[in-house]
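The values are calculated or read from the model by the stated rules, or taken from the named source; none is laboratory data. Treat the numbers as computed from the prediction; the structure is a model and nothing was measured. Using ideal geometry, Cβ is built from the backbone for each residue, glycine included, and neighbour counts are taken over all protein chains shown. These area figures cover heavy atoms from the full protein model, side chains too; ligands, DNA and RNA do not enter into them. Shrake-Rupley method; radii C 1.70, N 1.55, O 1.52, S 1.80 Å.
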Amino acid sequence: MVNLRRLDLNLLVTLDMLLAELNVTRAAERLHISQPAVSVHLAKLRELLDDPLLLPGPRGMRATARAEALREPLREALESLSRAVAPAAPFDPANADLTWRIAATDYTESTIVLPLLRQLRVQAPEARLAVLDLMPSRMARQAEQGSVDVMFHTTEDAPQGLHRKALFTEQYVLVGRRGHPKLRRRPTLRQFCELDHTIVSQDGGGFRASTDDVLAAQGMSRRVVFSVPHFLFLRSALANTDLVAMAPERLVRDDPSLQITSAPIDLPGFEISMYWHERVHRDPAHRWLREQIANVV
């Protein structure tokens with residue numbers, strides 16, 4: 001067996017050209033190197049392969065049996081290598097037959113993935129999109145392993161080591177059902193605290209959120225009577241009861257069953273970013289997907 005560590009790729013390129021031309025001078029011209037350099041390469045190949053490879057012939061040179069056996073496999077190998085290292089072809093979304101995997105919460109499913117889906121069905125109809133539950137503690141590992149391509153998460157809580165693009169800044173608004181009798185105008189702070197509130201408790205069953213911290217700093221507290229694990233269920237609960245909530249504006253602003261009212265407190269918002277791994281950073285298909293995501297938010 002030939003030790004591949006000793007085999008310079010340039011030697012194989014030279015051999016391929018020599019087998020095509022059967023002439024050292026013409027091979028040197030096509031390779032844009034000197035004739036002595038081609039002769040040096042040939043000498044090294046003869047030593048490595050333990051075969052003369054090319055012998056003097058009546059009209060130049062003739063290949064040995066070993067060289068003839070190498071001709072087609074060598075040509076195919078060099079062509080495969082050339083394709084492997086060639087610049088990536090431009091991405092054609094209209095004919096893309098691939099699968100993208102996105103990790104999202106129900107909030108980012110509604111505010112990002114749903115608008116994205118409508119666009120993908122038009123521009124990349126052959127592509128598939130899989131949405132997975134976002135697990136913040138596993139974001140970096142999933143991205144590194146390739147089980148997730150793109151993730152959406154708040155900027156301040158995301159892991160380090162991933163590429164990031166900020167998508168939008170979200171703010172909280174006071175929301176209840178359309179026609180809610182106590183949301184016809186902005187409530188006072190005391191009226192706000194006396195309303196029956198619902199919250200999203202993603203850690204399960206909690207009855208306290210950042211709104212309560214803001215109120216506590218002012219010596220106030222509110223009535224939280226309903227806790228749900230998902231934002232989308234929050235919308236249904238609000239539409240069918242007299243409960244109210246401090247909810248992300250993008251989640252509720254286009255829902256005709258809900259009414260938004262200015263809140264009497266200033267609640268800090270949050271930033272949503274898109275994350276991806278270095279392994280897909282330069283991939284044309286993934287770059288195109290990230291561009292579409294940035295365009296829909």
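Each residue was assigned an accessible area with a 1.4 Å probe, and for S137 the value is about 110 Å².
Summarising the amide proton neighbourhood of L258: residues at separation of 5 or more, or on other chains, whose placed amide H is nearer than 5 Å comprise R178.
Taking Lys and Arg as +1 and Asp and Glu as -1, the other residues whose beta-carbon sits under 15 Å from that of E249 total -2. Quick one: Debye curve from the alpha-carbon atoms of region 55-136 only, equal weights, vacuum; give me log10 I(q)/I(0) at q = 0.13, 0.19, 0.24 Å⁻¹ to two decimals. Taken in order of the listed q values, log10 I(q)/I(0) reads -0.65, -0.93, -1.10.
Rounded to the nearest 500, what is the chain's calculated 222 nm mean residue ellipticity when only DSSP H runs of at least 4 contribute -39500 (n - 2.57) each, over all residues?
-11500 deg cm²/dmol
So what's the net charge close to P229: Lys and Arg +1, Asp and Glu -1, counting the other residues with Cβ under 13 Å from its Cβ? Cβ neighbours under 13 Å give a net charge of -3. Put a dot 7 Å past the Cα of Q191, heading toward its Cβ, do the same for L117, and the two dots end up 3.8 nm apart. Each peptide in 52-59, 105-112, 285-292 gets a packing score, the mean of other Cβ atoms within 10 Å over its residues, and the list from highest to lowest is 105-112, 285-292, 52-59.
With viscosity 1.567 mPa s and temperature 4 °C, the Kirkwood radius over alpha carbon pairs of region 148-192 converts through Stokes-Einstein to a diffusion coefficient of 89 µm²/s. Full extension of the segment from T99 to V40, taken as 0.36 nm per residue of separation minus the current Cα-Cα distance, would add 16.3 nm. At the listed q of 0.11, 0.13, 0.21 Å⁻¹, the Debye profile of region 48-203, built from one uniform point per Cα, gives log10 I(q)/I(0) equal to -0.76, -0.89, -1.34. Can you work out the FRET efficiency for the pair H230 and A84, with r the C-beta to C-beta distance and R0 = 45 Å, to the nearest 0.05? Efficiency for this residue pair is about 0.50. Annotation: extensible slack from E291 through S262 equals 7.1 nm (criterion: 0.36 nm per residue apart, minus Cα-Cα distance). Per atom type, region 104-176 shows carbon and sulfur on 45% of its accessible surface, probed at 1.4 Å. Rounded to the nearest angstrom and listed largest first, the equivalent-ellipsoid semi-axes of region 205-297 from its Cα gyration tensor are 34, 17, 13. D by Stokes-Einstein for region 1-85, Kirkwood Rh over Cα pairs, 10 °C, 1.306 mPa s: 121 µm²/s.
Taking only protein heavy atoms and a 1.4 Å probe, the accessible area of region 1-63 is 53% carbon and sulfur. Neighbours of E170 by Cβ distance under 12 Å: Lys/Arg scored +1, Asp/Glu scored -1, total 0.
Rolling a 1.4 Å probe across the protein heavy atoms gives region 172-297 an accessible surface of 51 Å² per residue. Working note: Cα atoms of the chain, range along each principal axis, descending, whole Å: 105, 36, 28. Think of a 1.4 Å ball rolled over the protein heavy atoms: region 82-154 then has 55 Å² of accessible area per residue.
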